[in-house]
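Structure record follows, encoded as structure tokens.
The values are calculated or read from the model by the stated rules, or taken from the named source; none is laboratory data. Treat the numbers as computed from the prediction; the structure is a model and nothing was measured. Cβ sites come from the backbone with ideal geometry, for glycine too, and all protein chains shown count toward neighbours.
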Amino acid sequence: MDERDRVQDDEAKGPPETDPRIAGEKHPVAKMIGIGVLASLVGIAITLWIDWFPEAGSTSANKIDTLYDVLLICSVPVFVLVMTVAIYSVVRFRAKPGDLGDGAPIHGNTRLEVIWVTIPFLMVTALAIYGWITLDDIEAKQPNEMVVNVTGQQFTWTFQYPSEKLDAKELVLPVDRPVDFRIHTKDVIHSFWVPQFRLKSDAVPGLTTTVRVTPDREGNFEVVCTELCGLGHSTMRQFASVVSAGEFRSWVADQKKAAGGGAPAGGGGGQASGPDAAALFTSNGCSGCHTLAEAGATAKVGPDLGKLGKVNAAFIRTSIVDPNAEVTKGYKPNIMPQDFKDKLSKEELDALVKYLLKAQG
Amino acid sequence: MTFAQRLTRPGWYRAFLGIALGFGLGTTIVVVIRSLYGWDPVWDQDAIVTVGALIGAPFGYLIGIGCFDYWFRWASGAPTIPEDHSGHGAYSWRDYFRVNTDHKVIGIQYICTTFFFFVCGGLMAMLMRAELAQPGTQFVDPNTFNGLFSVHASLMIFLFIIPVFAGIANYVIPLMIGAPDMAFPRLNALSFWMLPIAGVMMLTSYFAEGGAFATGWTAYAPLSTDTPMGQQFFTLGVQFAGASSIATALNFLVTIITMRAPGMTFWRMPLLVWANFTTSLLVVIATPFIAGSQFFVLLDRTLQTRFFDYQLGGDVLMYQHVFWFYSHPAVYIMMLPGFGIISEVISTHARKPVFGYRMMAFSLVAIVILGFTVWAHHMFVSGMQSWIRIPMMITTMLIAVPTGIKIFSWLATLWRGVIHLRTPMLFALGFITMFTLGGISGIMLAVVPFDIHVSDTYFIVAHIHYVLFGGSVFTIFAGIYHWFPKMTGRMYDEGLGRLHFWLSFVFFNLTFGPMHLVGIDGMPRRVADYAEQYATWNAIISISAFIFGASFLIFLYNMIASWRHGPAAVGNPWRANSIEWQVSSPPPVFNFDEVPTVVAGPYEYGVPGVVHAVFKEKEPAREGAVPAPAGGGGAPPPVDDR
């Protein structure tokens, strides 16, 4: 017989029951199906019982959680099927010591192969359609959206509320109000993610990306950067607060008052003190790497700026504009960005130097 | 031999001379150009390192060690040194440190080199897990940490998984198809000797100013165009690894197409040959794209081109598209050879024909084609045109179909076999279960809304390690154990092999399983520090990772001790059908004293009287017959007759 014929040769070798090793067993396949169904049910129960997600904080969250549950329900039986057949075969068909025999010369079974092409095909097609519907659902435009501009930079987030004409260092959102985040970056790629909202998008230089979220639970959540953005990437975590509409309005009012009558922070506002150094410290990303008790910064990438010892203004100024001029022992050169000379105006630099000098006590 | 002779003949002396000359030449070019332009400083350290150390020195080393001698002589019209076969076979350990054109020597050179880098990458993983065992900063600062995971991933991908498969295939494929060697033995040697350059560059990047490259193995622009010097060690290292990979793939394609033994039709090729054939197609088509992406970065960094500076007309997302157009097919470059190994191992150790052989081959081809249509599933949250996500989701999920065919066919191959649970078989079974999990999480990740949540979290870390460790590396272990007797002529220790399997299987799952959980719960990846709430799981993961890492020492000991003192192996210890097992262990220097003739498919277990190949007419070679030892009147060596 030509081997090509043999490849096509299907069940001619007789049903599996003729194998002496499973001859005494009635319906081994039925038995495996029974075990498989049972194990699948147990597996599904366990995987659904596990508390996978952080608490749901947006209207999209529940849809994504449900989608994941459906994925689990489809996946567990597939895994159980593979495990059942593998374990059953190993137990049943394991060679006895000294057994030099060969297995049954089965080359294939067209019917079986058609089945295991068709069923996975239908399964993934169904899941893809479900995924598509869910995606359209969670990204649909909502009425009465509030636009919030999110700007990433090494290693901090800042937020801007165009409708309120407000710049803020923290993200505060009114509950149940749809938000349209417009995401930007000042330097490299970042990724804006609030795990409780389940949604994220990269912040890409030159592009404005969007994420639509309707927060539906009050609380404090973390804003996490998930795209590697450099040295302080792991410290690029901030808080988002979802509050009631009333609290949001009073927060906006407070912020405006603090910023000096509605002008965006850092915009001067006619105050004698010039630029707000504490704001500059955060908005320029200093707090992403340095500890400074007064600014509430606790990062440990660079030296603690509250403990510089006996230093003068000239030293601090040089250290900001030319960080490699003198590197603190135990730290490496070329880590701190070297472009603050261009980024900061003279007034801003003066304010920062004064602020840091004062912080030494 | 006098010192002067040593410096002029191919070898390490001349290689070091070449490194010095190459570095000198590069430095001169930099200094001359800079002084002509009047740039200050003339002795620019970064430029000298780039041109002298990262470009000039490697070429000097390749020329010095002797990769180009034959070609240079031929091209210049000088008489070539007649092939005296001194470049074939290895008679002492020193022969493995020379340019050698024997595919079996090159195979072992590949495997040992890549396992060296596997150990380096593994130690970095251990250091990372030590740092992540608890929140805060304990052992390494964030810069070093970012360097650790970047170099770890780059070594594992470019210096271990991809080339170790090339190494195994180098050894096995010519034997399997009944060929005396690869089609281009000198190109084969060049491919190998380019590889350590890439590895050494990635390792030495730690000594660059500002530390090792710290932008991940993905090196996304514009972060990578704006970081310290170490990045250049990656962008150029990848070029050498990529060139090595492309040259080898080309070699496999030509070898498999033109050098099969008489009677070996495409439908009689073992599935490992099919797997390497399809993998090589992927490599040849896709690898130039990563070379391109890294050249863009290099030019942006060194020549102030503006590929990725959006303010001057650049496009940041272009990097990701070009990068993933290689790097997604690369996932299959790292998986298809493993599929081939598993087919060989399962059918041999279960003593049954591979179920649905033709579908197994077709599914490989289907994966190659579909593999080029899914790259943007790595970019669902990247800000690209949103409509692309849907077709990419569908094609990604469709890849599950051919992959499923393979899993189910292996299971059906086990059914009613006579299963010998030797170490290679254990790793094959471990592979099937772990890869199924990795495949399932892959399907989940293809579903866009779920992917948006878990993108760039530890769920991705879990998924990739289930696919690349539970998947690829388990197949590598299976393959190494399976062909160890053939390569070394000795048997490994079965008990230690099983211990190695069970320890790695259990602690692999304890290490990477929980990462699914912390990822969905909100822990981002590539972080040196994390929020308190993930502390418990991370401590468990770290402890498991240490035991998991230690289990590799058992493998290392087993391999080294067995290679030196193991019991001698017979030609065909597994009573396998394919041709490589029909010659002695290790095989004769020129593989076959007599060219085999293929008379049937490769997996005719249990079919009475049918063998895959015969060496003399009507004489089955399968009954453990060992052909006459090498030497007398062997097959003609692969000399080209120009």
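Okay, residues lined up against (1) on the phi < 0 side of the Ramachandran plot; (2) in contact with a Phe, Trp or Tyr (Cβ under 7 Å, 6 or more places away or on another chain):
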{"site": "A:Ala277", "(1), (2)": "yes, yes"}
{"site": "A:Gly285", "(1), (2)": "no, yes"}
{"site": "A:His290", "(1), (2)": "yes, no"}
{"site": "A:Pro303", "(1), (2)": "yes, yes"}
{"site": "A:Gly306", "(1), (2)": "yes, no"}
{"site": "A:Phe315", "(1), (2)": "yes, no"}
{"site": "A:Glu326", "(1), (2)": "yes, no"}
{"site": "A:Lys329", "(1), (2)": "yes, no"}
{"site": "A:Lys332", "(1), (2)": "yes, no"}
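Mind telling me which of the residues B:Gly606, B:Gly631, B:Gly624 ends up being modelled with pLDDT of 85 or more and either away from chain A (no Cβ under 14 Å) or part of a loop (DSSP other than H, G, I, E, B) (or both)?
Checking each option against the conditions leaves just B:Gly606.
Spot the failing condition for B:Trp93; the list is (1) under 24 Å from B:Tyr13 (Cβ atoms); (2) of a type outside the set (A, V, I, L, M); (3) surrounded by 13 or more Cβ atoms within 10 Å (Cβ to Cβ), and only one is missed.
(3)
Name the pairs: first residue in the stretch A:117-139 and farther than 16 Å from B:Val401 by Cα, second residue outside any helix (DSSP H, G or I), Cβ to Cβ under 7 Å, at least 6 apart or on different chains?
A:Gly131/B:Val447; A:Glu139/A:Arg212
So the check is Cβ under 7 Å with 6+ separation or different chains; which pairs have a first residue in the stretch B:447-461 that's under 16 Å from A:Leu228 (Cα atoms) and a second one that's of a type in the set (Ser, Thr, Tyr)?
Final answer for the pair search is B:Ser455/A:Thr226; B:Asp456/A:Ser191; B:Asp456/A:Thr226; B:Thr457/A:Thr226.
Condition check: out of contact with any strand residue (DSSP E or B) (no Cβ under 9 Å at 6 or more places or on another chain) and of a type in the set (A, V, I, L, M). Does B:Ile452 satisfy that?
Spelling it out, it is not the case that B:Ile452 is out of contact with any strand residue (DSSP E or B) (no Cβ under 9 Å at 6 or more places or on another chain) and of a type in the set (A, V, I, L, M).
Here is a yes/no grid of residues against (1) in a helix (DSSP H, G or I); (2) buried (at least 23 other Cβ atoms within 10 Å of the Cβ); (3) modelled with pLDDT of 95 or more; (4) at the interface with another protein chain (Cβ under 8 Å from one of its Cβ atoms):
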residue: B:Val365; (1), (2), (3), (4): yes, no, yes, no
residue: B:Val368; (1), (2), (3), (4): yes, no, yes, no
residue: B:Met384; (1), (2), (3), (4): no, no, no, no
residue: B:Trp410; (1), (2), (3), (4): yes, yes, yes, no
residue: B:Ala428; (1), (2), (3), (4): yes, yes, yes, no
residue: B:Phe431; (1), (2), (3), (4): yes, yes, yes, no
residue: B:Phe435; (1), (2), (3), (4): yes, yes, yes, no
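What number goes with the only condition from (1) over 30 Å from A:Ala299 (Cβ atoms); (2) within 21 Å of the chain's Cα centre (by Cα); (3) of a type in the set (A, V, I, L, M) that B:Ala462 does not pass?
B:Ala462 satisfies all of (1) over 30 Å from A:Ala299 (Cβ atoms); (2) within 21 Å of the chain's Cα centre (by Cα); (3) of a type in the set (A, V, I, L, M) except (1).
With the structure loaded, tell me whether B:Val254 is more than 17 Å from the chain's Cα centre (by Cα), part of a helix (DSSP H, G or I) and either among the acidic types (Asp, Glu) or buried (at least 24 other Cβ atoms within 10 Å of the Cβ) (or both) or whether it fails that test.
no
Just to check your reading of the model, which residue among B:Ala189, B:Ala198, B:Ala166 is under 29 Å from B:Gly56 (Cβ atoms), without any contact (Cβ under 8 Å) to a residue 60 or more places away in the chain and either among the β-branched types (Val, Ile, Thr) or buried (at least 22 other Cβ atoms within 10 Å of the Cβ) (or both)?
It is B:Ala198.
Would you point out which residue out of B:Arg301, B:Arg306 is over 19 Å from the mean Cα position of the chain (by Cα), part of a loop (DSSP other than H, G, I, E, B) and charged (D, E, K, R)?
Of B:Arg301, B:Arg306, the one residue that is over 19 Å from the mean Cα position of the chain (by Cα), part of a loop (DSSP other than H, G, I, E, B) and charged (D, E, K, R) is B:Arg306.
Conditions first: (1) part of a helix (DSSP H, G or I); (2) more than 14 Å from chain A (Cβ to nearest Cβ). B:Thr225 passes all but one, so which condition is the exception?
Just one mismatch for B:Thr225, condition (2).
Residue check, A:Thr134 against (1) buried (at least 22 other Cβ atoms within 10 Å of the Cβ); (2) more than 18 Å from A:Val179 (Cβ to Cβ); (3) touching a Pro at 6+ places or on another chain (Cβ under 7 Å), all met but one. Which one?
The single condition A:Thr134 does not satisfy is (1).
Residues that are closer than 25 Å to B:Val448 by Cβ, in contact with an Asp or Glu (Cβ under 8 Å, 6 or more places away or on another chain) and without any contact (Cβ under 8 Å) to a residue 40 or more places away in the chain, at least 1 per element: which strands (runs of 3 or more DSSP E) completely within the stretch A:143-222 meet that?
Of the strands (runs of 3 or more DSSP E) lying wholly inside the stretch A:143-222, those with at least 1 residues that are closer than 25 Å to B:Val448 by Cβ, in contact with an Asp or Glu (Cβ under 8 Å, 6 or more places away or on another chain) and without any contact (Cβ under 8 Å) to a residue 40 or more places away in the chain span A:146-153, A:179-185, A:190-194, A:199-203, A:209-213.
Looking only at the stretch B:1-36, count how many residues are at pLDDT 95 or above and touching a Lys or Arg at 6+ places or on another chain (Cβ under 6 Å).
0
Conditions (1) touching a strand residue (DSSP E or B) at 6+ places or on another chain (Cβ under 8 Å); (2) of a type in the set (Ser, Thr, Tyr); (3) not in a loop (DSSP other than H, G, I, E, B), marked per residue:
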| position | (1), (2), (3) |
| --- | --- |
| B:Val49 | no, no, yes |
| B:Gly52 | no, no, yes |
| B:Gly56 | no, no, yes |
| B:Gly60 | no, no, yes |
| B:Gly64 | no, no, yes |
| B:Cys67 | no, no, no |
| B:Tyr70 | no, yes, yes |
| B:Ala75 | no, no, yes |
| B:Thr80 | no, yes, no |
